[in-house]
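The next block holds one structure in the form of structure tokens; read it before the comments.
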Ligand code: GCW
């Protein structure tokens, strides 16, 4: 045992280690003991005859224990006797910021970049950000957009990154950077960025040496390559493995990692949902052990609901991590109250069956399913953070950031437990508030699915900004697989994408029994029906309704749920300060109006194909389609 100290004082183990500024006062002593059998910044909280102790091997572990105890004190769980031990589910719990060097944030709805590129370093803001992350266990930040400019690796920018890293280090947070694959040519002036050319590999090695000279605990690189026009190894006839391994070798001496994204869709298959698997599954086993393949939860793109990406079930010899989107690109931006933990957990809890039942995405990516393949484990969330006063643009959007961190620390927590904690710490623990607000949060993801894209519909968003509905959208010259009609395929016969064995065959990228379950219209879960089946309008659903009637009912149900939130929030007025109450109320009104916009657009558009009457027991469209088609939102300056 090295030291026993009160947590408000420095932990002095001879090296004068301090708990970081802002660590809360809790009713316990902190014991730092390097001999404890605890993994990865874990901690123990135990009531002993000498009082309550927080025990950890590392200062960061002690800090996490302190926040955990504070959380328990605030949520009424600290009454003794306590004896608990926590170790994180994932070693690397990382936020991906899609922040550009001009301070815009791609898909950001909460203001400009908190990094203040090109301006004085906002020390206090970054400390506060780091403290918030530390309080939920997040321990990594990728500072810049995956659509990376080579300039991020310039010496000037690296020096700035080092300043940010210095501020975050005491909070246990390492920085990572997104890199542009053509940096050797674009920044270094080399003739090529071909990963198999020795000068290129040398350039990356030198760059790594420079980075680690400035930031000794630098986490590593995140790479979007050969995706949406970004450069990559395929430009030189090389594979993703060639590219990732070359970078991995440069980072290896410093224990850095490469997170190589599998968000690719070069049109080898006519179905975009098949393409990541097509490109990556054949490369299984070819990656270095400091490469992790970063895979979006679904096979297309962060939709309100997708099945899990089948790639997770097909790389037994490769480290994989899930990428989740905390920012609400496809879920109403920061205007809609959509608590995302049910979506995140749905992904992690999905059983891939790759090694029989129980091979969930959580089990795979925490290294349990294929332990030999995993040297490190990780999970990423695309941040929803900006300079807005409340960080996320919507008070409730903070819950998804909080929840991502909590889930990354302990993926066995339920989304309900996490929501409850968040409500009690953010607003009040009065049961008159917690109950109704919990219900609102817990139903909110499903409500969004209902009023936007029920029954497996997907990607019928407006072009480019992805805010409202445009199932009719046509853009001359645009990629077909960026347009709604490619996904919904509505015609007189029905609606939905045929991914069965008689269609694109995507079902066979899933292991049995899922492949057959998805393939058969009578066993396919209704939530995914139109994802996998082009379904006749008069198909009978489990409710006994036709598909058409069910679709109309789902849109209506979504609207009614949001309307009920407005009533709930009205009743919550006595519990919340006026400012926050009014701000949330204003957002709920936007959400309610948007939900009717979605219904008006989708129901009337699909009716042109179904030719069927809108059932009389649902609310009826209000605005004519022609009027809706004229709506052009200017989303270019949403920062
Ligand atoms: O969903 C798409 C987004 C892009 C994003 C891309 C990606 C950062 O519309 O804005 O680019 O995914 O994840 O790379």
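Listed here are the residues, each with its yes/no results for (1) touching a helix residue (DSSP H, G or I) at 6+ places or on another chain (Cβ under 7 Å); (2) farther than 20 Å from residue 293 by Cα; (3) not assigned by TED's automatic domain parsing to the domain that holds residue 479.
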{"position": "173", "(1), (2), (3)": "yes, yes, yes"}
{"position": "186", "(1), (2), (3)": "yes, yes, yes"}
{"position": "195", "(1), (2), (3)": "yes, no, yes"}
{"position": "201", "(1), (2), (3)": "yes, yes, yes"}
{"position": "210", "(1), (2), (3)": "yes, yes, yes"}
{"position": "214", "(1), (2), (3)": "yes, yes, yes"}
{"position": "222", "(1), (2), (3)": "no, no, yes"}
{"position": "227", "(1), (2), (3)": "no, no, yes"}
{"position": "230", "(1), (2), (3)": "no, no, yes"}
Please note which helices (runs of 4 or more DSSP H) are completely contained in the range 510-629 and include at least 2 residues that are free of Cβ contacts under 8 Å to residues at least 24 places away in the same chain and out of contact with any helix residue (DSSP H, G or I) (no Cβ under 6 Å at 6 or more places or on another chain). 514-519, 547-571, 578-610, 625-629
Tally, over the range 93-147, of residues that are within 16 Å of the ligand (Cβ to nearest atom), closer than 27 Å to residue 64 by Cβ and out of contact with any strand residue (DSSP E or B) (no Cβ under 9 Å at 6 or more places or on another chain): 1
Among the residues of the range 273-296, which ones are under 19 Å from residue 380 (Cβ atoms), away from the ligand (no atom under 14 Å from the Cβ) and in a helix (DSSP H, G or I)? 280
In the range 317-333, what residues are part of a loop (DSSP other than H, G, I, E, B), in contact with a strand residue (DSSP E or B) (Cβ under 7 Å, 6 or more places away or on another chain) and more than 16 Å from the ligand (Cβ to nearest atom)? 318, 319
Considering only the range 164-183, I want to know if a residue exists there that is assigned to a helix (DSSP H, G or I), more than 18 Å from residue 121 (Cα to Cα) and either within 16 Å of the ligand (Cβ to nearest atom) or free of Cβ contacts under 8 Å to residues at least 60 places away in the same chain (or both). yes
Kindly indicate whether residue 158 is in a strand (DSSP E or B) and touching a strand residue (DSSP E or B) at 6+ places or on another chain (Cβ under 9 Å). no
For the structure I just gave you, tell me whether residue 154 is closer than 23 Å to residue 98 by Cβ and surrounded by 19 or more Cβ atoms within 10 Å (Cβ to Cβ). no
What's the number of the condition residue 299 fails, among (1) within 16 Å of the ligand (Cβ to nearest atom); (2) surrounded by 24 or more Cβ atoms within 10 Å (Cβ to Cβ); (3) under 22 Å from residue 220 (Cβ atoms)? (3)
The number of residues in the range 245-263 that are more than 16 Å from the ligand (Cβ to nearest atom) and in contact (Cβ under 8 Å) with a residue 40 or more places away in the chain is 11
Quick check: is even one residue across the range 495-503 surrounded by fewer than 21 Cβ atoms within 10 Å (Cβ to Cβ) and within 27 Å of residue 598 (Cβ to Cβ)? yes
Selected residue (only one of 126, 152 is under 21 Å from residue 390 (Cβ atoms), free of Cβ contacts under 8 Å to residues at least 60 places away in the same chain and more than 20 Å from the chain's Cα centre (by Cα)): 126
Residues 218, 236: which one is surrounded by 22 or more Cβ atoms within 10 Å (Cβ to Cβ), farther than 30 Å from residue 464 by Cβ, more than 16 Å from the ligand (Cβ to nearest atom) and touching a residue at least 24 places away in the same chain (Cβ under 8 Å)? 218
Reported set for the range 612-628 where residues are farther than 17 Å from residue 559 by Cβ and surrounded by 10 or more Cβ atoms within 10 Å (Cβ to Cβ) is 612, 613, 624, 625, 627
Scan 266, 270 and give me the residue that is in a loop (DSSP other than H, G, I, E, B), modelled with pLDDT under 95 and within 16 Å of the ligand (Cβ to nearest atom). 266
Wholly inside the range 381-493, helices (runs of 4 or more DSSP H) that include 2 or more residues that are within 15 Å of the ligand (Cβ to nearest atom) and at pLDDT below 95 are none
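The values are calculated or read from the model by the stated rules, or taken from the named source; none is laboratory data. Nothing here was measured: the structure is a model prediction, and the numbers come from that model. Positions of Cβ are generated from backbone atoms using ideal geometry, with glycine treated the same way; all protein chains shown enter the neighbour counts.
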